[in-house]
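The values are calculated or read from the model by the stated rules, or taken from the named source; none is laboratory data. All values reported here derive from a predicted model rather than from experimental measurement. Every residue, glycine among them, receives a Cβ derived from its backbone with ideal geometry; neighbour counts consider all protein chains shown.
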Amino acid sequence: MDARSGAVGDTSFADRYRAAVTDRGRLCAGIDPHPELLEAWGLSVDAAGVRAFGDICVEAFAASVAVIKPQVAFFETFGSAGLAALESVISGCQAGGALVIADGKRGDIGSTMAAYARAWLEPASPLCADALTVSPYLGFGSLSPAIELARSEGRAVFALARTSNPEGESLQLARGDGGVTVAQSIVDAAAAENSDGRATVGLVVGATRHHGLQLGELGAPILAPGLGAQGAAASDLPAVFADADQRWVLPASSRSVLRHGPDVTALRDAARRTRDEIEAAFGDQA
Ligand SMILES: O=c1ccn([C@@H]2O[C@H](COP(=O)(O)O)[C@@H](O)[C@H]2O)c(=O)[nH]1
């Protein structure tokens, strides 16, 4: 890939994702510059602090972690300087060979969704990532502009299905026609989008509980946040995702790795340990 232009040619997200996790193992490392972490790392709680935090994370993770997920909110907090730091994180991670999921959880009516898609998935944008988290709760169809752009650019969206937080339950487990839960209807809609084999529509399904979803036909990555700080353990993963194709499960961890900073080697080792725990837990089931 041309790291400067962000162009990935005709390669599908499915191929890019498989290559990354085959080479580096299943882990999505989060870059979440919480104020508490900035202070613990001896950094200022401002744009300069998040830039330094991001630089350290890029050095620690870009060349060895398969997928990296900067949490957009922690950069947005500091306005244009924070977003400039995020641009640097995205391009630095991509230059090191990692795939980047911008965790922005964007969602709006279709015409505005198209603008979000251009911001996060169009190669000409300075914020262009490999994938963007999106909210389907304005209706799955409202995501179409982002899905279409992602498909044509070899990128992806990750739609929230069953989130890791307890507050999601009343909405996500509500049942519609035929008794299907809202979350399962999102899984099914995503699976239909992936019938071309390009894995354009991944899902977010928390690792923190048994979700009751049928994920076996998805055909795209399942971003599974919740390891460590939210209580899930690597050893929980095979049971939580027993119904999924476990080659597609991408466990995510932010704070439990980041607390080992700011030492670059300690951060890198923490990410490697987490990845090794995940791979050992899945064993040859994947
Ligand atoms: O359901 C969801 C969706 C997204 N997240 C995000 O993942 C990380 C988790 O951070 P930890 O420090 O590992 O708890 C964070 O950026 C969340 O916004 C999630 O946790 N759950």
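Identify all residues within segment 220-231 that are buried (at least 22 other Cβ atoms within 10 Å of the Cβ) and either free of Cβ contacts under 8 Å to residues at least 40 places away in the same chain or in a strand (DSSP E or B) (or both); write none if there are none. First the steps, then the outcome.
First pass over segment 220-231, keeping only residues buried (at least 22 other Cβ atoms within 10 Å of the Cβ): 220-228.
Selection gives ILE222, LEU223, ALA224, PRO225, LEU227.
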Worksheet item: Within segment 8-15, can one find any residue that is at pLDDT below 95 and of a type in the set (D, E, K, R)?
Response: yes
Item to complete: Confirm whether PRO136 is loosely packed, with under 15 Cβ neighbours inside 10 Å and either in contact with a Cys (Cβ under 8 Å, 6 or more places away or on another chain) or not in a helix (DSSP H, G or I) (or both).
Response: no
Fill in: Residues of segment 251-272 satisfying the condition of being within 30 Å of ALA220 (Cβ to Cβ) and either within 10 Å of the ligand (Cβ to nearest atom) or touching a residue at least 24 places away in the same chain (Cβ under 8 Å) (or both)
PRO251, ALA252, SER253, SER254, ARG255, SER256, VAL257, LEU258, LEU267, ARG268, ALA271, ARG272
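Could you check segment 154-166 and list, in sequence order, the residues that are more than 10 Å from the ligand (Cβ to nearest atom) and either surrounded by fewer than 21 Cβ atoms within 10 Å (Cβ to Cβ) or of a type in the set (Gly, Ala, Ser) (or both)?
To start, the set of residues in segment 154-166 that are more than 10 Å from the ligand (Cβ to nearest atom) comprises 154-157, 159, 166.
Correct list: GLY154, ALA156, ALA159, PRO166.
Could you list all residues from segment 109-133 that are among the charged types (D, E, K, R) and assigned to a loop (DSSP other than H, G, I, E, B)? Give the derivation first.
Start the filter on segment 109-133 by keeping residues that are among the charged types (D, E, K, R), which leaves 118, 122, 130.
Scanning segment 109-133 gives GLU122, ASP130.
Does segment 151-175 hold any residues that are of a type outside the set (A, V, I, L, M, F, W, C), assigned to a strand (DSSP E or B) and in contact (Cβ under 8 Å) with a residue 60 or more places away in the chain, and which are they? Working first, answer last.
Going through segment 151-175, the residues of a type outside the set (A, V, I, L, M, F, W, C) turn out to be 151-155, 162-170, 172, 175.
Imposing the further condition that a residue be assigned to a strand (DSSP E or B) reduces the set to 162, 175.
Once the filter is applied, which keeps residues that are of a type outside the set (A, V, I, L, M, F, W, C), assigned to a strand (DSSP E or B) and in contact (Cβ under 8 Å) with a residue 60 or more places away in the chain, segment 151-175 yields nothing.
So that you can scan it fast, the table gives a plain yes or no per residue for (1) at pLDDT below 95; (2) within 16 Å of the ligand (Cβ to nearest atom); (3) touching a Phe, Trp or Tyr at 6+ places or on another chain (Cβ under 8 Å):
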| position | (1), (2), (3) |
| --- | --- |
| THR133 | no, yes, yes |
| TYR137 | no, yes, no |
| ALA146 | no, no, yes |
| LEU149 | no, no, no |
Worksheet item: Counting just the residues of segment 176-216 that are within 15 Å of the ligand (Cβ to nearest atom) and in a strand (DSSP E or B), which one comes out nearest to PHE241 (Cα to Cα)?
Response: VAL205
Worksheet item: Does at least one position in segment 60-73 carry a residue that is under 22 Å from ALA150 (Cα atoms), touching a Pro at 6+ places or on another chain (Cβ under 6 Å) and either modelled with pLDDT of 95 or more or surrounded by fewer than 23 Cβ atoms within 10 Å (Cβ to Cβ) (or both)?
Response: no
